[in-house]
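Worksheet: one structure, shown below.
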Amino acid sequence: MGRIPSLKNFNAFPHAEDHLLKKTYSGAIVTIFGLIIMFTLFVHELKFYLTTYTMHQMSVDLKRGETLPIHINMSFPSLPCEVLSVDAIDMSGKHEVDLHTNIWKLRLDKYGTIIGTEYLSDLVEKEHGAHHHDNGHEHHDEEKKPEHTFNEDADKMVKSVRQALENGEGCRVYGMLDVQRVAGNFHISVHGLNIYVAEKIFEGSSHVNVSHVIHELSFGPKYPGIHNPLDDTTRILHDASGTFKYYIKVVPTEYRYLSKQVLPTNQFSVTEYFVPIRPADRSWPAVYFLYDLSPITVTIKEERRNFLHFITRLCAVLGGTFAMTGMLDRWMYRIIESVSSSKPRSVLR
């Protein structure tokens, strides 16, 4: 194929003859400096391209008929496991006695070491409707005996719990609780005890220390970047006891990975409130988690930057660095030349 004579006029990179080129030490230094900058910027742009970022979208929550998983992991350093119970109730007032649960209670000594375990197959008080510790009306059915007619099992329990309290035993509650996907609450307290047994053990509600450490509380599996505001929360009571209430707003969330895998989960925000026990109160201290669901679903998508966008940025960075080092080389060459020409020339003899 013959060459087109006029094609070379479009050459944007004309080459000079070798004898017209002059290489200097300053030019070499600038070149090395420029190569280091180019390599550094190239690595930075490559990491920027390979790093994923997330986009957030909001839409109306259309889910129906699903359950809400609640992952619990918290410790009560001043209450033995024998007196602790977990109770869940939804907004209609129905106790969640028919839901699948997977909750464990771990006995802790005063140093926090595990000394025993107990599996809870039934979390809630099935007789909760027959007696209430947290209101002014204390009802009891015919199975609830007055204080002076304690049976042998009740006496054994009182002695066992008192011994555990003297030994400084605590309890750790962890596992998962599935509840209906409606507003409701769950709480951990001594409400599972017969009220007369509780009075015999603690000699008043003001002596029930509900100090607790929330190691983890979440409403679904974790995804990259999630922050659960109650994780590693410590609330220790030193004087008067009381009830802790955590008002939680659950936000349904979907996390979409680059692989198109979808992870359904939930985020939440929380507001904390503490109600101290007063001598005239007939309520019992507890730790309440009152939750409600947002009608808005947040979708978080993992995205990766476009390859052509990466090439464009790379060309701009490398080309700009090359142009700047070229200008620096010309300035240094002119400065060195001007300094050299101003010095008197020595005559060789």
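Within a Cβ distance under 9 Å of Ile214, other residues only, what is the Lys/Arg minus Asp/Glu net charge?
-2
Out of the trypsin sites (Lys or Arg not before Pro) in the range 191-265, which ones are loop residues according to DSSP with at most 16 other C-beta atoms within 10 Å?
Sparse-neighbourhood loop trypsin sites (Lys or Arg not before Pro): Lys222, Lys260.
Using the count of nearby Cβ atoms within 10 Å as a rough guide to exposure, how do His44, His238 rank from fewest to most?
The fewest-first ordering by Cβ neighbours comes to His238, His44.
Do any of Lys47/Lys249; Lys105/Lys260; Lys222/Lys249; Lys222/Lys301; Lys110/Lys222 go past 26 Å between their Cα atoms, and which?
On the way: Lys47/Lys249 37 Å; Lys105/Lys260 38 Å; Lys222/Lys249 17 Å; Lys222/Lys301 15 Å; Lys110/Lys222 31 Å.
Too far apart for the 26 Å limit: Lys47/Lys249; Lys105/Lys260; Lys110/Lys222.
Of the listed peptides 65-73, 180-188, what is their order by residue-averaged count of other C-beta atoms within 10 Å, with the highest listed first?
180-188, 65-73
Arrange the peptides 275-282, 289-296 so that the one whose residues have, on average, the most other Cβ atoms within 10 Å appears first.
Per-residue mean Cβ counts within 10 Å order the peptides as 289-296, 275-282.
Report the Cα centroid-to-centroid distance between the range 226-289 and the range 20-72 in angstrom, as an integer.
Taking the Cα centre of the range 20-72 as reference, the centre of the range 226-289 is 36 Å away.
Could you tally the net charge around Phe310, taking each other residue with its Cβ under 15 Å from the Cβ of Phe310, Lys/Arg +1 and Asp/Glu -1?
Details: positive: Lys47, Arg304, Arg305, Arg313; negative: Glu45, Glu303.
With Lys, Arg at +1 and Asp, Glu at -1, the net is +2.
Which part of the range 23-67 falls in the paramagnetic zone of Thr299, meaning amide N under 18 Å from the point 7 Å along Cα-to-beta-carbon?
Output list for this probe position: 53-64.
Lys and Arg at +1, Asp and Glu at -1: add these up for the other residues within a Cβ distance under 9 Å of Thr297 and post the number. Could the numbers behind the result be given before it?
Details: positive: Lys63; negative: Asp61, Glu254.
Combined, the nearby Lys, Arg, Asp and Glu give -1.
What spacing in nm lies between the two simple spin-label points modelled at Leu290 and Ile335, each 7 Å away from Cα in the Cβ direction?
Inter-label distance under the simple model: 7.1 nm.
None of the figures in this text is laboratory data; all of them are computed from the coordinates on show. Remember, predicted model here, so these are calculated numbers, not experimental data. Cβ: placed from backbone, ideal geometry, glycine included. Neighbour counts: every protein chain shown.
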